[in-house]
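The structure appears below as structure tokens.
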Amino acid sequence: MNDARTDVLVVGAGPTGLTLACALRLQGIDVRVVDAAPVPATTSRANILHARGVEVLERIGALGDLPERSLTALTITQYLDGKPAVTVRFGDLGLGTARPALYASQADVEARLRQRLRDLGTEIEWNSAISGVAQNDTGVGATLANGETARCRWLVGCDGAHSTVRQLAGIAFPGARLTERFLLADVYAEWPVDRSGGHGWPHRDGPLFAVPMREVGRPDNLWRLMAYDPTGNDGTQSTEQIIDRFRQLVPERTGRTDIRITEAAWASIFHVHRRLADTYRAGRIFLAGAAAHIHSPLGGQGIVTGIGDAENLAWKLALVIQGRATAALLDTYEAERRPLATDVLRNTTTATRLQVGDSLLLRFLRRRLLVPIAAMPSVQRRASRVASQLWVTYRHGPLNGGIRSHIGPLPRPGDRVPNLPCRHLDGRSTALYDQLGRHWALLLPADGSTDEFTDMRTRLGHNVIALHAEPTSGQHDVRLIRPDAHLAWRGTDPQQLTRWLSGTLQHGTVGR
């Protein structure tokens with residue numbers, strides 16, 4: 001299999017696979033994307049893109065008109081006894097982001113990513129299910145539905161919760177079902193409820209959630225509804241049957257009789273599972289997104305976690321394929337991303353159990369303890385920050401200096417770097433994220449020189465761009481920032497940077 005026809009075969013054209021393909025193409029990597037579906041999906045379960053996901057799409061040039069097509073996610077209001085009890089506000093997170101979360105259909109997110117991938121020269125191959133894989137030391141051969149063997153150097157399974165790639169690679173996916181069925185629907189409704197945010201009604205029979213959605217060219221009366229309905233019919237149900245059930249549940253759960261569902265755009269039934277792959281890598285085969293981890297949709301963490309997986313893996317694969325790093329660097333993908341998935345699974349599982357549980361203790365906790373605590377501004381800021389995933393750090397990962405990464409000024413190695421204003425060496429103004437995605441960035445003090453850092457360009461080639469910090473930034477050291485906007489290294493000694501690069505590119509660990 002050393003006659004590889006493409007560098008990376010991406011299986012699955014959802015948000016994770018498309019982000020991975022775009023990020024790889026930006027760095028000049030040959031990519032092929034296949035999907036078992038006959039055509040792109042026009043409906044979707046996911047409906048919120050948290051701030052971290054918005055940033056990633058912006059970095060890879062795929063955000064497009066998504067902010068104009070979507071609603072800004074400003075608040076989530078929880079009700080008790082039919083009255084607003086607490087409102088969590090998604091405002092200034094204090095983490096240097098200019099991009100708020102968006103209530104955006106997954107179908108719209110995928111459409112923007114497909115267009116960006118097309119602009120980068122790659123078309124998706126639909127009706128291309130994968131049925132077999134074989135790998136050796138130099139490549140992977142994947143059998144497609146048409147009988148073709150697609151040969152590649154690396155293969156990434158981004159094909160969702162029922163991942164064929166995961167099964168073919170022999171990777172276990174332990175976990176359990178957390179709840180009975182949820183109903184899900186996009187409906188047009190006469191709904192006199194504030195559309196600046198989402199709403200949730202706890203109920204002894206299970207919660208009901210409503211989130212405003214936007215559809216270009218239609219009045220602003222589209223809502224995403226989700227309801228826990230464990231006692232309903234678990235068999236196959238038509239859209240109309242699901243909508244009829246919502247017509248019963250809405251007044252029961254909200255206590256309101258002034259809400260009228262007029263039309264359904266889409267409806268579905270699902271169960272909540274919690275599962276995490278035993279490993280993210282089997283030789284030359286990787287998993288990302290829902291192929292590696294699935295969890296409750298409460299909190300909207302699915303898309304943003306998968307997109308983060310893709311961006312993390314992309315720059316590492318690019319360096320290895322370009323011959324600038326050994327394959328040991330690829331082991332840091334799981335080391336950095338799997339702990340985050342573990343946290344997401346734990347947090348969303350807890351939230352789900354608190355929402356759907358109906359014991360006397362849980363009802364007491366919700367009313368007397370959780371609601372007053374959630375009303376505290378400090379708790380709301382933390383909840384917004386956690387959901388945004390802007391807090392994600394890789395300080396504990398192998399590319400940082402152990403305990404040394406927890407000493408010194410912020411940001412520290414492994415931390416996310418916000419979208420800073422900066423300048424090209426010729427004085428032209430730019431923003432940091434305009435240069436990342438495609439490049440690493442060497443951010444110099446306002447009066448700094450690149451003369452002592454020539455070894456960095458030798459090791460990273462054209463993958464790195466030098467920039468000056470703004471004079472008002474107060475930056476006095478040199479900072480190397482990864483394509484995924486995490487701080488790789490900071491200091492003033494170019495020899496220390498050389499050691500960091502040597503360890504990272506050769507061994508997948510911090511240079512000593």
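General remarks:
- Order of K316, K83 - criterion: other Cβ atoms within 10 Å of each residue's Cβ, fewest first: K83, K316
- For segment 190-202, backbone phi angles converted through the Karplus equation (6.51, -1.76, 1.60; θ = phi - 60°) give residue-by-residue couplings of 7, 9, x, 10, 3, 9, 7, x, x, 9, x, 10, x Hz, Gly and Pro being listed as x.
- Placing +1 on the Cβ of every Lys and Arg and -1 on the Cβ of every Asp and Glu, with nothing else charged, gives the chain a dipole about its Cα centre of roughly 1220 debye.
- At an R0 of 51 angstrom, the distance between the Cβ atoms of D434 and T236 translates into a FRET efficiency of 0.55.
- Local electrostatic count, L425, Cβ distance below 14 Å [Lys/Arg +1, Asp/Glu -1]: -1
- Distance in nm between pseudo-label sites at R89 and H271 (7 Å out along the Cβ direction from Cα): 4.2 nm
- Going from the residue with the fewest nearby Cβ atoms within 10 Å to the one with the most, F286, F270, F246 rank F270, F246, F286.
- Anisotropy class of segment 270-311 from Cα gyration tensor, a/c 1.5 cut: oblate
- Evaluating 6.51 cos²θ - 1.76 cosθ + 1.60 at θ = phi - 60° for every residue in segment 320-326, the Karplus couplings come out as 5, 5, 6, x, 9, 8, 7 Hz, glycine and proline recorded as x.
- For L178, the residues whose modelled amide H falls within less than 5 Å of its own, excluding neighbours fewer than 5 places apart on the same chain, are V272, H273, R274.
- Site pair Q496 and H462 shows an inter-label distance of 3.2 nm when each label is modelled 7 Å from Cα along Cα→Cβ.
- Protection proxy ranking of 192-198, 148-154, 256-262 - average other beta-carbon atoms within 10 Å, highest first: 148-154, 192-198, 256-262
- Note on L178 and D30: their simple-model spin labels are 4.2 nm apart, each label 7 Å out from Cα toward Cβ.
- Acute angle (nearest 10 degrees) that the helix 494-507 long axis makes with the longest principal axis of the chain, alpha-carbon atoms: 70 degrees
- The angle between the Cα long axis of helix 239-254 and the longest principal axis of the Cα atoms of the chain comes to about 80 degrees, rounded to the nearest 10.
- Amide H partners (placed H, <5 Å) of A104, local residues excluded: I48, L49
- Derived scalar couplings ³J(HN,Hα) [segment 213-226; Karplus, 6.51 cos²θ - 1.76 cosθ + 1.60; whole Hz; x for Gly, Pro]: 10, 10, 10, 4, x, 10, x, 7, 9, 8, 10, 9, 10, 9
- Taking amide H as placed 1.01 Å from N in the peptide plane, H486 has its amide H under 5 Å from the amide H of V417, each at least 5 places away in sequence or on another chain.
- Farthest toward the positive end of the dipole of the chain, out of P15, S384, T239, is the Cα of S384, where the dipole comes from beta carbon charges about the Cα centre.
- Helix-derived mean residue ellipticity, 222 nm - over the chain, DSSP H n ≥ 4, -39500 (n - 2.57), to 500: -9000 deg cm²/dmol
- Segment 402-507: C-alpha gyration tensor shape, a/c 1.5 cut-off, then a/b vs b/c: rounded
- For segment 452-512, the alpha carbon positions stretch 37, 23, 22 Å along the principal axes, listed from largest to smallest.
All of the numbers you see were taken from the coordinates with simple rules; none came from a lab. All values derive from a computational prediction rather than experimental measurement. Note that each Cβ is placed from the backbone with ideal geometry, even for glycine, and that neighbours are counted across all protein chains shown.
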